[in-house]
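The structure under discussion appears below in the form of structure tokens.
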């Protein structure tokens, strides 16, 4: 499972049991007033339903590779997801995934209204991130994030 963290919505993508295909799986809404470390009940329920072995969380690094405020938020959220679900999380550098998702949607034969549905970009960004992870060859063993990994207990 992959999550594209956002302050209003979390894009969700999943892979098939063979770990070869990544597909958008919707969004989970968040309240903008929720603290970063709050994991929506709907996300906890979705994780329980789907039973992923690992949850990939996109970390939006700056173009120069530094971790800004959103990257820090996403890392805090990843730790909260791990605590709330009991499922191991792994970080993935998701720079430009939203921009790529917007370009992909623009190129699809969808009406403007369907392209603009809330969350469509978020779930597609999560799927693109998961697809990149799967193409990286990480399917042969445990998940390996592309970006920095946090040390246990940090």
Would you mind ranking 29, 16, 122 by Cβ crowding within 10 Å, fewest neighbours first? 16, 29, 122
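Order of 131, 31, 136 from fewest to most other C-beta atoms within 10 Å?
Working: 131 18, 31 10, 136 13.
Placing the least packed residue first, the sequence is 31, 136, 131.
Only the coordinates and a few stated rules stand behind these numbers; no lab work does. Keep in mind it's a predicted model, so treat the numbers as computed, not measured. A quick note on method: Cβ atoms are made from the backbone with ideal geometry, for glycine too, and the neighbour counts reach across all protein chains shown.
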